[in-house]
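Coordinate-derived values only; no laboratory data. What you see is a predicted model; the values in this text were computed from it and never measured. Please note: Cβ atoms are built from the backbone with ideal geometry, for glycine as well, and neighbour counts cover all protein chains shown.
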Amino acid sequence: MQRRDILAGIAGSAMLGLGGRPASAQPAYPNRPIRLVVGFAPGGPTDLIARIAARTLTASLGQSVVIENRPGASGRVAASAVSRAEPDGYTLLTNVLADMVGPVIEHDTRDPLLRGLAPVALVGTAPNVLVVHPSLGAGDVRALVAQARPGTLSYASAGIGTASHLAGVLLSAAADIDLIHVPYNGTAAAQTDLLTGRVSMMFDNLDNGLSNATADKVKALAVTSPSRWHAAPNVPTIGEAGFPAAEMLSIFGVMAPAGTPQPIIDQLGAGLVAALREEATRRSLLAISIEPASMGPAEYRRYLETETRRWEALAAQGRLSGSRAG
């Protein structure tokens, strides 16, 4: 009996060595570098935010977090790639608003954001600023809306599904007006045509929009945030202008492939949330006009679910279809 017990113990040990090792013997996470994929080119807001997130995760995890830029389709190329990656915590996505709204616009029920990706944390948010070409002569949003006869006002965006597109959708719905959407391949081309007067208006990012307004190249009418932006206290909110339903924030978060073990999600989320509460991290984000957030996995998931329903309702009204090439 004693001999059989010894042999059984040896056999059991061999099985553990062939893959049956207990969870406590698994290598600790992370034990190699982590990729943080960005769906936009280097140097833009999303890329800058990703680099701040990577720096904070590197410090909290004790393992390198490297940026991989995979631009295309307003971020959808990167989101699709990460959703198909191994769910082991070593491939992450810096997600943006377009990742959530893109499948809604395309009526793509096969690839909704929360089916393929798991929320980790919301890193930051930012409003857009509604700027108009000076030739319009509109001094505020109500005056602009009064000019918006069908087919008369066009607005530029950085592409279908981007924040600059969706902010226009919300104002059109809130004011019940018909704005012509002119999507471009990126922000720079859209801004160029706004400055030359080829298009009437744009929901620009804060840095560029406010800079051009200060230089009197455009007029800033409103920010899309619920409260005034601290760096532009004289610019009213879209809600103050009478259109609270047009409030919108761009989002910048981190997500992992669906199926990533919850302990890994929680570890990543806790590291990011802790860093986002540190003054140094907050200053880094505010310096690029991003309001720091601190939503962990569960809260971020609820936020995304609520926002997705908002865009699905607009899609059902036909508000998310129709555009002209810029």
Sequence-distant residues sharing a close amide H with Leu117 (under 5 Å, placed H): Ala258
Simple Cβ-charge dipole of the chain, Lys/Arg +1 and Asp/Glu -1, about Cα centre, in debye nearest 20: 580
For region 128-246, Kirkwood radius (reciprocal of mean inverse C-alpha pair distance, Å): 13.7
Bridge type composition, the chain - antiparallel percent by DSSP, nearest 5: 60
Crossing angle, helix 163-175 versus the chain [Cα axis fit, 0-90 degrees, rounded to tens]: 50
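Let me have the relative contact order for region 114-193, percent, based on Cα pairs under 8 Å that are six or more residues apart.
That works out to 29 percent.
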Region 70-158: Cα Rg divided by the 2.2 N^0.38 Å rule of thumb: 1.51
Rounded FRET efficiency, nearest 0.05, which uses the C-beta distance separating Thr214 from Ala258 and R0 of 35 Å: 0.20
Potential extension, Glu68-Ala270 segment - 0.36 nm per residue separation minus Cα distance: 70.5 nm
Between helix 187-196 and the chain: long-axis angle, C-alpha atoms, 0 to 90°, nearest 10: 10
Long-range HN-HN contacts of Thr162 with modeled amide H, under 5 Å: none
Positive-end residue, region 128-246 charge dipole about Cα centroid, Cβ charges, pick of Pro226, Ala148, Gly209: Ala148
Loop-resident sites, region 110-212, for trypsin sites (Lys or Arg not before Pro), counting at most 10 other Cβ within 10 Å (DSSP): Arg110
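Report the calculated FRET efficiency for Thr196 and Leu114 (r = Cβ-Cβ distance, R0 = 45 Å), to the nearest 0.05.
For R0 = 45 Å, the calculated efficiency reads 0.65.
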Label-zone membership for region 75-97, site Asn185, 7 angstrom Cα→C-beta point, backbone N under 19 Å: 75-78
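Compute and list, largest first, the equivalent-ellipsoid semi-axes of the chain from the alpha carbon gyration tensor, each √(5λ) rounded to a whole angstrom.
One finds semi-axes of 45, 20, 16 Å for the chain.
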Set of region 42-74 residues, backbone N closer than 20 Å to the point 7 Å along the Cα-Cβ line of Asp88: 58, 61-68
Span from the region 253-326 Cα centroid across to the region 112-170 one, whole angstrom: 18
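Would you mind counting up the charge near Val65? Only other residues with Cβ under 10 Å from its Cβ, with Lys and Arg at +1 and Asp and Glu at -1.
Around Val65, the surrounding residues sum to +3.
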For the chain, with +1 on Lys and Arg beta carbons and -1 on Asp and Glu, the positive-most of Ser74, Ala28, Ile160 along the dipole: Ala28
Among Gly186, Gly271, Gly253: highest mean-square fluctuation, GNM of the chain, C-alpha pairs under 10 Å: Gly186
Electrostatic dipole magnitude of region 128-246 [Cβ: Lys, Arg +1; Asp, Glu -1; Cα centre; debye, to 20]: 100
Per-residue [θ]222 nm for the chain (sum of -39500 (n - 2.57) over DSSP H runs n ≥ 4, rounded to 500): -12500 deg cm²/dmol
Between helix 45-61 and the chain: long-axis angle, C-alpha atoms, 0 to 90°, nearest 10: 30
